[in-house]
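> Before anything else, here's the structure in question.
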Amino acid sequence: MTRDHEVIRRWAEQRGARPATMPGSEYNGHLGVLRFDFPGYGGAVLRPVDWEEWFATFDERRLEFRYQDQRADGSRSNFNRLESPPEQ
């Protein structure tokens, strides 16, 4: 788990992932759902955004990045999840 921008960016770039958002999830001119767009994966159509905008939203929401480097078999993992901090 981390909030460190460099760790997050390095993890994503090592996997060819780019910062993105779900189209239509924006509100009040701000990004909505934050995602990473991994090459070769189908599914939802994502809208690319720049790192600055992605991290501004990440910080504004005080999100935390949970990630895995490798699977149990040693292969590279793309597992990641953005989590809100627990309420205090």
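> Regarding R3, is this residue surrounded by 15 or more Cβ atoms within 10 Å (Cβ to Cβ) and of a type in the set (K, R)?
In short, no.
> Okay, moving on. Which ranges mark the strands (runs of 3 or more DSSP E) fully within region 13-88 that have 2 or more residues being at pLDDT 90 or above, open to solvent by less than 80 Å² (accessible area, probe 1.4 Å) and within 18 Å of M1 (Cα to Cα)?
By residue number, 34-37, 64-67, 80-83.
> Here's another thing I want to ask about it. Of a type outside the set (K, R), in contact with a Gly (Cβ under 7 Å, 6 or more places away or on another chain) and free of Cβ contacts under 8 Å to residues at least 60 places away in the same chain: which single residue out of S75, S25 fits that description?
That would be S25, the only listed residue that is of a type outside the set (K, R), in contact with a Gly (Cβ under 7 Å, 6 or more places away or on another chain) and free of Cβ contacts under 8 Å to residues at least 60 places away in the same chain.
The values are calculated or read from the model by the stated rules, or taken from the named source; none is laboratory data. These numbers come from a predicted model, not from an experiment. Cβ coordinates were reconstructed from backbone atoms using ideal geometry, including for glycine residues, and neighbour counts include every protein chain displayed. Ligands, DNA and RNA are excluded from the accessible area calculation, which covers all protein heavy atoms including side chains. Shrake-Rupley method; radii C 1.70, N 1.55, O 1.52, S 1.80 Å.
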